[in-house]
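What follows is one structure encoded as structure tokens, with my remarks underneath.
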Amino acid sequence: HLGFMTPFVWMFITSYEELREKMINEKSITSLVQLEYSGFTEATVPVCTFTLRNIHTGESGEYVSLSDFKGADKQPLKTLEAAANREVNYRFTVKSNSFINIPGKPIAYWVSEKLINCFNNKKLYEYADVQEGLKTGDNESFIRNWYEINSLEINIFGGNKWVNHTKGGTYRRWYGNNENVLFFKNNGEKLRNFAKSSLTGQLNYFKENITWSRITSGESSFRYTPCGSIPNMAGLALYPFDNIYYFLGLLNSKVVSKILWIINPTLNYPPGTVGKLPIILSNINKSKIDTIVKKNINVSKTDWDSFETSWDFKKHPFLTYKGNSITIEKAFKNWSIFAEKQFKQLKANEEELNRIFIKIYGLQDELTPDVEDKDVTVTRIYDSKEEIPESMKGNNYVLTREDVIKSFISYAVGCMFGRYSLDEEGLIYAGGDFDDKFRLRDGQWEIKTKEGWKKSRVNIVEHNVIPIVDGDYFEDGILERFVDFVKVSFGEETLEENLDYIAETLGRKANETSRQAIRRYFLKDFYKDHVRTYKKRPIYWLFDSGRQDGFKALIYMHRYDPSTVARVRTDYLHSLQKKYEAEINHLDILIDSDISQREKAAARKKKETILKQIEECRLYDEAIAHMANQRIEIDLDDGVKVNYAKFQGIEIPQGKGRKPLKADLLAKI
């Protein structure tokens, strides 16, 4: 009779299956206590203690689970309590023989006999191909976020350079996490010749499937993937021979969550684990299940496509749900109402599916159909952070009015650059010949639509540069363009009301006009938000002189050409430097004039600020001149990370015997 204290991973993971089988068949576990991760004050570790007889007796063992009792001080107290009282709900009396019927033979001592009997049914791998996806061996070379590269070179069935690539992602059910593309030119020729790659499951490439993330942080989540993708080894795939919607509904049910936790509670769900799920097909319920699942996919897809990081994004939801409204406030409320309706519909649908599958598997005594709000993976929108319920705080699917307004501003910038348009839905330009999409005629921009060329309601940036400065120095600055965008999209009649609403949402300071508040957002926070939205792979690049905000200008990566840097310098930086000098002269005159001491102090303070900006711009001009002369080329296939780095850490020669200065042309990401 031996006593042990070990990590408890041997109880569950695949690599210990033979050991478990030997223990179940040849030995007898007489007692086992599974500690909570913080069971020791010195460390956070997965530990269990158990006693083992060196003979198979068939006797029952006593098991105690302390996982619900956090803290080292509670572990001995709760163990003694369980030893003294068989009736506590965390003590279990189980014969180890019962574990042999569970796939992988985990020491799942908490599982009921009824649930164990479910494993007598056929397994999922008998109804579908359950596969690991492709392994590139070098993700940096072969995988991009879809928005980094030339959109014209993405093709869903491999005819072009890039194909859609499912790669796991965050917790999300039904549809979504479609963000990546795979370099697959000439049917993956480069990948096939790369020694570290592994192209598994090739016969199923581009077929519709159900995908999920190998590693999860909590509940499992399965998603529908239409035809046209290749899965990654981190985004596994299930190819049903039939009944794809039935299986998706089952996989996202509480029944499967419960069973997966039994088979593998390590939150690692490889194909072998998922393939062992017991399947009960119910022809009586199939039609109803299929209908509900299709609705869930549609709800989730509508939500996913509401944001510009989806490749099926059409237009900002303010424009989709504005109705007859001419105010942004009303458009926000309309979207909020729609999103809440979608949320409630999805939750109700998930609970109905749970109800159906719990009945099919006969687990009414063990499971309830209820779904918590935090587990419903579509967007909910609140007016402010204070309105968010405690249970929803920190949830990835919660947005505030501020988040939504910022997304509208981002969409506006996309329209300015020609990425999107108020005159045509979807992605308009993201690579290729810009003249194929837009043209300038008699001072008026035109866009090529499905019906032919027509006037663009938005004034497109002609030379791919939008200056962001702390003052009214440019007629075509980003604030001026944004004000015009709001006027065009929601009407001149409510322009000031809409600008006030935006400014208040962004956090207007005392004595600040709405335009000043919006300008401050562009100057200080817009780019940080853009980098966050695009997961450190920004498609708009910010030329930034430094902390004094002397000079900032946005360009659109997909419209970059070797003359862009020179244009930024000569047309905008030099122009701004001259305006700064003129402003200094004006302030000097003002300071010497007959004005109040308070006004003079304000003028001196402003002069001091501008002098710092002038000096910052002078140093920045050295760096940008050095790069402008080099006429740097970029290749969209290389992605943001490689191309962005070409403009960072620039070494500026300082003459013989002196170390070169280092400078970044672009804002750090």
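The values are calculated or read from the model by the stated rules, or taken from the named source; none is laboratory data. Since we're looking at a predicted model, the values are computed, not measured. We place every Cβ from the backbone using ideal geometry, glycine too, and count neighbours over all the protein chains shown. These accessible areas exclude ligands, DNA and RNA; they are computed on the full protein's heavy atoms, side chains included. Shrake-Rupley method; radii C 1.70, N 1.55, O 1.52, S 1.80 Å.
Tally up the carbon and sulfur contribution to the accessible surface of the stretch 448-525 as a whole percent, 1.4 Å probe, everything protein left in place.
42 percent
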Note to self: Tell me which trypsin sites (Lys or Arg not before Pro) from the stretch 569-669 have a DSSP coil assignment and no more than 11 other beta carbons within 10 Å of their own.
What the structure shows: LYS656, ARG658, LYS668
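Determine the share of the stretch 205-276's accessible area contributed by carbon and sulfur atoms, expressed in whole percent, with a 1.4 angstrom probe.
Of all accessible area on the stretch 205-276, carbon and sulfur atoms account for 58 percent.
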Check: Distance from the Cα centre of the stretch 184-206 to that of the stretch 311-335, in angstrom?
Finding: 42 Å
Next item on the list: Compute the FRET efficiency between ILE116 and ASN160 as 1/(1 + (r/R0)^6), taking r as their Cβ-Cβ distance and R0 = 56 Å, and round to the nearest 0.05.
Entry: 0.65
Check: Tally Lys/Arg at +1 and Asp/Glu at -1 over every other residue whose Cβ is under 10 Å from the Cβ of ILE478; what's the total?
Finding: +1
Notebook entry, point to check: Under a 1.4 Å probe, what is the accessible area of the stretch 102-179 per residue, stated in Å²?
Noted result: 37 Å²
Margin query: Please report the antiparallel percentage of the DSSP beta bridges confined to the chain, to the nearest 5.
Written below: 80 percent
Check: Which one of ASN252, ASN283, ILE263 has its Cα pushed farthest toward the positive end of the charge dipole of the stretch 252-296, where Lys and Arg give +1 and Asp and Glu give -1 at the Cβ?
Finding: ASN283
Next item on the list: Report in % the part of the accessible area of the stretch 31-110 that belongs to carbon and sulfur, leaving out ligands and nucleic acids; probe 1.4 Å.
Entry: 54 percent
Notebook entry, point to check: Which lysines does LYS454 reach when only Cα atoms under 21 Å apart count, and residues fewer than 8 places away in its own chain are ignored?
Noted result: LYS314, LYS315, LYS437, LYS487
Checklist line | Nearest 10 degrees, 0 to 90: helix 574-592 Cα axis against the chain principal axis | finding: 60 degrees
Notebook entry, point to check: Taking 0.36 nm per residue of separation and subtracting the Cα-Cα distance, what length does fully extending LEU203 through ASN324 add?
Noted result: 38.5 nm
Checklist line | Between 0 and 90°, nearest 10: helix 283-304 axis offset from the chain longest Cα axis | finding: 30 degrees
Notebook entry, point to check: Along the charge dipole of the chain, which of PHE474, GLY235, THR533 sits closest to the positive end, that is, farthest toward it, with unit charges on the beta carbon of Lys, Arg, Asp and Glu (+1, +1, -1, -1)?
Noted result: GLY235
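Treat every Asp and Glu Cβ in the stretch 67-190 as -1 and every Lys and Arg Cβ as +1, leave all other atoms uncharged, and give the resulting dipole magnitude about the Cα centre to the nearest 20 debye.
With Lys and Arg at +1 and Asp and Glu at -1, about 400 debye.
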Check: Among LYS123/LYS374; LYS207/LYS528; LYS406/LYS450; LYS509/LYS662; LYS122/LYS359, which pairs are too far apart, with a Cα-Cα distance over 28 Å?
Finding: LYS123/LYS374; LYS207/LYS528; LYS406/LYS450; LYS509/LYS662
Item checked: Accessible area per residue in Å² at 1.4 Å probe, computed on the stretch 196-308 -> 36 Å²
Notebook entry, point to check: How long is the gain from ASP138 to SER38 if the chain were fully straight, where each residue apart is worth 0.36 nm and the alpha carbon distance is subtracted?
Noted result: 32.3 nm
Notebook entry, point to check: Say a paramagnetic label sat at a point 7 Å from the Cα of SER596, along Cα to Cβ; which residues of the stretch 511-528 have their backbone N under 17 Å from it?
Noted result: 511
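So how much slack lies between ILE55 and ALA582, counting 0.36 nm per residue of separation and subtracting their Cα-Cα distance, in nm?
Full extension from ILE55 to ALA582 adds 180.3 nm.
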Check: Is it possible to state the helix-based mean residue ellipticity at 222 nm for the chain, with each DSSP H run of 4+ residues giving -39500 (n - 2.57), the sum divided by total residues, to the nearest 500 deg cm²/dmol? What is it?
Finding: -11500 deg cm²/dmol
Notebook entry, point to check: In debye, nearest 20: dipole of the stretch 419-528 around its Cα centre with unit charges on the Cβ of K, R (+) and D, E (-)?
Noted result: 340 debye
Check: Which net charge results for the neighbourhood of THR166, defined as the other residues with beta-carbon distances under 13 angstrom from its beta-carbon, given Lys and Arg at +1 and Asp and Glu at -1?
Finding: +2
Checklist line | Cut-off 15 Å between beta-carbons: net charge of the residues surrounding LYS105, Lys and Arg +1, Asp and Glu -1 | finding: +2
Note to self: Counting heavy atoms of the protein chains only and a 1.4 Å probe, report the per residue accessible area for the stretch 548-669 as a whole number of Å².
What the structure shows: 55 Å²
Margin query: Highest mean first, how do 549-559, 14-24 rank when packing is the count of other Cβ atoms within 10 Å averaged over residues?
Written below: 549-559, 14-24
Next item on the list: About the Cα centre of the stretch 352-502, how large is the charge dipole given +1 on each Lys and Arg Cβ and -1 on each Asp and Glu Cβ? Please answer in debye to the nearest 20.
Entry: 640 debye
Next item on the list: Kindly express, to the nearest 10 degrees and within the range 0 to 90, the angle between helix 401-417's C-alpha long axis and the longest C-alpha principal axis of the chain.
Entry: 50 degrees
Item checked: Separation in nanometres of the label points that stand 7 Å from Cα toward Cβ, at TRP453 and PHE4 -> 7.8 nm
